[in-house]
Amino acid sequence: MTSMAKFKAYFNTQNSVLMLTLGVLLLLVAMPLLFILLQAIFPGLTRGQWTAPFSRLWPTLSDPDLLGLVVNSLKLALAVVLGSLLLALPLGALRALTRVPGAVFWDVLFLVPFLIPPYIAALAWMMTLQPRGFMQQLLGFNASDFLFSFWGIAFVMVLNVFPVVYFAASRTLSAVGGRFAAVGRVCGAGFWASFWRITLPLSIPGIAASLLLVFALSIEEFGTPATLGAQANYPVLVTGIHQRYADWPIDMTGAAILSLILVLLAMGAFYLQHWLVTRRSYVSGGGKPNRAELIQLGVWRWPVMLLFALVGFISVVVPMFAVIATASTRTLSGGLAWSNWSTRHFQALFNDRMGAMQALSNSLTLALAAALITGVLGALVAYLVIRAKIRGSKALDLLSLLPNTMPAVVIAVGLILFWNQNFWPVSVYNTSAMLLLAYCCLLLPYPVRYASASFRQMSQSLEDAARVCGAGFVSMFWRVVLPQLLPSLLVAMLLVFAIASRELVASLMVAPAGMRTVSTYVFGQFEQGSPGLGMAMSVVAIFSTSALIMLLTLLTRRSMPNQLS
């Protein structure tokens, strides 16, 4: 085969991979969103009827409860954003700019709230602050009035998502807070003047991106509003969508319209963040190593340590104590007494009571499959967008990142509408594959973003050399690209695994009848009045997924020390 023929074969294979990847994304992302739009227009779509377009649009939009759902969602999301900023920014600034004792320990500790599923954290706080809860048993009073209120819901959600802002702020401030702040101090500015006028403004893009993620996580969060909001009489859009889908009579058109409103809110937040970071330049790198000079805390050492310890105690120790205590007591009415301690809930769990072990196996299997599928798909999308730059790559990029603006409940509704059509010869509706599709669609942006960032840092010379030596596209991608990409891709896949193994709202909505995951099992045990068994499952799930992530991370570092060093 001549060189020209080899190059033609290479690019033909590349185009074939592009078309295949584009087709997968159309099925995974675009079509479910399209069917949400069609359901909002045609109320009889689920019955195969294309009549009476827009007939349900105005009745749904004019529903007096709808404005309340939208306002409640926005108020709660903004409160969580503000609370996360007020809590995490001082911690992140101290971590980045000063010599905080035990800094690595605090980083690891503040990862834990993100590993605790939000609905489990909400249930843990309920067990702690409710009447006759753990706080009343230990301190003699409860805080149920606060917990089952708007501010209580926001408080619990802030403790779950503040690590997103903490890590973004600490890394961003550390990157820009060295040389430029030192120049400001040389010119006569004090520490606070340098921070407010130089370091903080240059850190806006990273902090704004983390706050956008917090906003998106807040408006799509189901577990905490469903757990605490029901008693606080505080409905939000996500619970409204779930109610229209789950309660009889089922209102799929109303769920679709509310889903579109939720997508518009998320897209509006993304546009606001884009406008904020593009209206001026925030370049802070000058091409030279920037070694930050950390400030000694001096007399502030112990107050700062106390602040970090207090946040760690409230966000980690209290909910984990509630989870373990609930799982380790014979009955809740027996309280925190030695005579009430028991392992019966764990024994029942490992005896597979009510399918507990099957639920854990289902979650781990689906999470692993989702990590593998999104890892491969994310690597292909990132390569075709960043490297290939052929016709159709922009559409591929848009489709791969579109789930960022689609909350889990919207993805679930879209998949239900799309796969519950009569034209499918073989449908995945009401099977475990439906749940796997939901996880893949929801979490695809993580591998795409990680792989895209890695490709921008990788030289293209090895790929060009492989093509010159006659390697085909598949051989070049497998033997040249993937080994370089693997470290960052594995990190993304671990993140996908962790989130998929605890996902709640899609699991509740699209899991087939009789199939349980960890999240639906725990949620169901609390609804059935068995909190001890539910919390025992939570303990096993939290520690098993955390241990697996740590094990895979250690194995990755040992097998690829050069790439990860």
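The values are calculated or read from the model by the stated rules, or taken from the named source; none is laboratory data. The shown structure was predicted, so the numbers you read here are calculated from the model rather than taken from an experiment. For neighbour counting, all protein chains shown are included, and Cβ atoms are generated from backbone atoms with ideal geometry for every residue, glycine included.
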Checked segment 108-132 for anything part of a helix (DSSP H, G or I), out of contact with any Gly (no Cβ under 7 Å at 6 or more places or on another chain) and in contact (Cβ under 8 Å) with a residue 40 or more places away in the chain; matches are 112, 113, 114, 115, 120, 121, 123, 124, 125, 126, 128
Candidates 82, 78, filtered to the one that is free of Cβ contacts under 8 Å to residues at least 60 places away in the same chain and either under 24 Å from residue 319 (Cα atoms) or surrounded by 15 or more Cβ atoms within 10 Å (Cβ to Cβ) (or both): 82
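Mind telling me which of the residues 104, 17, 81, 100 ends up being modelled with pLDDT of 85 or more, assigned to a helix (DSSP H, G or I) and of a type in the set (Val, Ile, Thr)?
81
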Is it the case that segment 43-60 has a residue that's of a type outside the set (Lys, Arg), more than 18 Å from residue 245 (Cβ to Cβ) and either crowded, with 21+ Cβ neighbours inside 10 Å or under 30 Å from the mean Cα position of the chain (by Cα) (or both)? no
Output the residues belonging to segment 514-533 that are of a type in the set (A, V, I, L, M, F, W, C) and more than 13 Å from residue 127 (Cβ to Cβ). 515, 518, 523, 533
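Per-residue answers, yes or no, for (1) touching a residue at least 60 places away in the same chain (Cβ under 8 Å); (2) of a type in the set (Lys, Arg):
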{"site": "308", "(1), (2)": "yes, no"}
{"site": "321", "(1), (2)": "yes, no"}
{"site": "341", "(1), (2)": "no, no"}
{"site": "355", "(1), (2)": "yes, no"}
{"site": "360", "(1), (2)": "yes, no"}
{"site": "387", "(1), (2)": "yes, yes"}
Condition met for residue 192 (over 20 Å from the mean Cα position of the chain (by Cα) and at pLDDT below 80): yes
Of all residues in segment 133-149, which are in contact (Cβ under 8 Å) with a residue 60 or more places away in the chain and surrounded by fewer than 16 Cβ atoms within 10 Å (Cβ to Cβ)? 137, 138
Helices (runs of 4 or more DSSP H) completely within segment 400-491 that count 3 or more residues being at pLDDT below 75 and surrounded by fewer than 23 Cβ atoms within 10 Å (Cβ to Cβ): 445-457, 461-468, 473-476
Hey, does segment 518-532 have a residue that's surrounded by 24 or more Cβ atoms within 10 Å (Cβ to Cβ), under 18 Å from the mean Cα position of the chain (by Cα) and under 29 Å from residue 259 (Cβ atoms)? yes
Answer yes if at least one residue in segment 334-348 is of a type outside the set (A, V, I, L, M), part of a helix (DSSP H, G or I), under 30 Å from residue 137 (Cα atoms) and in contact with a helix residue (DSSP H, G or I) (Cβ under 7 Å, 6 or more places away or on another chain), and no otherwise. yes
Would you check if there is a residue in segment 282-292 being at pLDDT below 85 and in a helix (DSSP H, G or I)? no
Taking only pairs six or more apart or across chains, which ones have beta-carbon atoms under 7 Å, a first residue in segment 512-523 that is closer than 14 Å to residue 364 by Cβ and assigned by TED's automatic domain parsing to the domain that holds residue 501, and a second residue that is part of a loop (DSSP other than H, G, I, E, B) and of a type outside the set (Gly, Ala, Ser)? 518/502; 519/117; 519/502; 519/503; 519/504
